[in-house]
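The values are calculated or read from the model by the stated rules, or taken from the named source; none is laboratory data. Source: prediction; values computed, not measured. Glycine also receives a Cβ, built like all others from the backbone with ideal geometry; neighbour counts cover every protein chain displayed.
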Amino acid sequence: MTENVRLSAGDAAPGFTLPTDTGESLSLSDLRGRKVVLYAYPAAMTPGCTKQACDFRDSLASLQAAGYEVVGISPDKPAKLATFRERDAITFPLVSDEDKSVLTAYGAFGEKQLYGKTVTGVIRSTFVIDENGAVERALYNVKATGHVAKLRRDLGLD
């Protein structure tokens, strides 16, 4: 079993430029000067990922008021992300990492346990990146349900 790279607080967040759900591209450097919550999820429009995206959507105003931008990342094609955004009224950027290179750089793609089996896939993870591009928090194997509320508490937003 290969060990996944894991980021820790203080590490430089790996840079990226990826296509978004709107067909434009988004670079991490575009968000410099703002705090970023980058969350990795396995697949758009699946029940857990929908719940998580809607939780972030519903918390977006308070996260933004506290200076955080939210970005979702998955290996889905931009067209599927656009459908997801429209279906669930997602109000933050969704970026497509089809070759999984950015997910891998963040330690959010690799071997994981799924229903007791070892599989390779996206590891549901959340990264809080500071205004200078350093990782403040790297949370791996987070739950789809209840994670946003826990993150808000951890960030002192509740």
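Do the conditions hold for T120, that is, is it among the polar types (S, T, N, Q) and at pLDDT 95 or above? Show your work before the answer.
On the way: among the polar types (S, T, N, Q): yes; at pLDDT 95 or above: no.
For T120, the condition - among the polar types (S, T, N, Q) and at pLDDT 95 or above - is not met.
Out of the residues in segment 60-79 meeting the condition of being within 19 Å of T46 (Cβ to Cβ) and of a type outside the set (A, V, I, L, M), tell me which one is nearest to the chain's Cα centre (by Cα).
G72
Just name the residue that is farthest from V122 (Cα to Cα) out of those in segment 22-53 that are in a strand (DSSP E or B) and touching a residue at least 12 places away in the same chain (Cβ under 8 Å). Can you show your working first?
In the first step, residues of segment 22-53 are kept if they are in a strand (DSSP E or B); the result is 25-27, 35-40.
Narrowing the set further to residues that are touching a residue at least 12 places away in the same chain (Cβ under 8 Å) leaves 26-27, 35-40.
Values: L26: 20, S27: 20, K35: 23, V36: 20, V37: 17, L38: 14, Y39: 11, A40: 7 Å.
Filtering first and then ranking leaves K35.
Please enumerate the residues belonging to segment 130-158 that are over 12 Å from the mean Cα position of the chain (by Cα), among the β-branched types (V, I, T) and crowded, with 16+ Cβ neighbours inside 10 Å.
Once the filter is applied, which keeps residues that are over 12 Å from the mean Cα position of the chain (by Cα), among the β-branched types (V, I, T) and crowded, with 16+ Cβ neighbours inside 10 Å, segment 130-158 yields only V135.
Being closer than 13 Å to Y41 by Cβ, in contact (Cβ under 8 Å) with a residue 24 or more places away in the chain and of a type in the set (D, E), is that true of even one residue in segment 135-154?
For segment 135-154, residues closer than 13 Å to Y41 by Cβ, in contact (Cβ under 8 Å) with a residue 24 or more places away in the chain and of a type in the set (D, E): absent.
Name the residues in segment 79-111 that are acidic (D, E), assigned to a helix (DSSP H, G or I) and out of contact with any helix residue (DSSP H, G or I) (no Cβ under 7 Å at 6 or more places or on another chain), would you?
Here is the first cut: in segment 79-111, the ones acidic (D, E) are 86, 88, 97-99, 111.
Filter again for assigned to a helix (DSSP H, G or I), leaving 86, 88.
Result: E86, single match.
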